[in-house]
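J.: If you scroll down you'll find the structure; I have some questions about it.
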Amino acid sequence: MAVIKLHVKKDDLVMVVAGKDKGKSGKVLRVLPEKSRVLVENLNVVKRHTRPSQANNEGGIIEKEAPIAISNLMIMCEKCDGPVRMGKRLLEDGRRVRTCRQCGDQLDR
Ligand SMILES: [Zn+2]
């Protein structure tokens with residue numbers, strides 16, 4: 001059982017609500033539960049200088065997403081076309097799904 005409850009999962013659409021990328025949205029690439037951070041596609045991109053290595057002979061500058069604190073993110077509802085609060089619903093088959101509190105749409109597919 002997971003100890004830490006995270007409100008976002010891989011492939012979720014999220015919006016940044018604080019920090020330098022505020023107002024931007026993207027798809028969750030990876031969740032880092034132990035750090036309470038997530039990697040979001042094309043967001044919080046940082047340039048890193050790399051040394052030549054076996055994998056990359058030239059070395060140089062690579063652009064890479066840096067993890068964003070989960071507290072700075074909100075889940076997006078496609079129907080509401082914006083960041084929304086999340087609710088939970090128990091389906092008839094016993095599954096728990098995340099829902100949009102605004103329109104009631106299911107966020108888990
Ligand atoms: Zn909605």
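Values in this text are rule-based calculations from the coordinates and carry no lab data. On a predicted model such as this, the values are computed, not experimentally measured, just so you know. So basically every Cβ, Gly included, is an ideal-geometry build from the backbone, and we count neighbours across all protein chains shown.
J.: Show the residue pairs that are 6+ apart or on different chains and have beta-carbon atoms under 7 Å apart, the first residue being within region 75-102 and under 17 Å from residue 25 (Cα atoms), the second being acidic (Asp, Glu).
T.: Going by the 7 Å Cβ cut-off, the qualifying pairs are 75/12; 77/105; 79/105.
J.: Please work out which residue is farthest from the ligand (Cβ to nearest atom), limiting yourself to region 53-103 and to residues that are farther than 19 Å from residue 9 by Cβ and touching a Lys or Arg at 6+ places or on another chain (Cβ under 8 Å).
T.: 59
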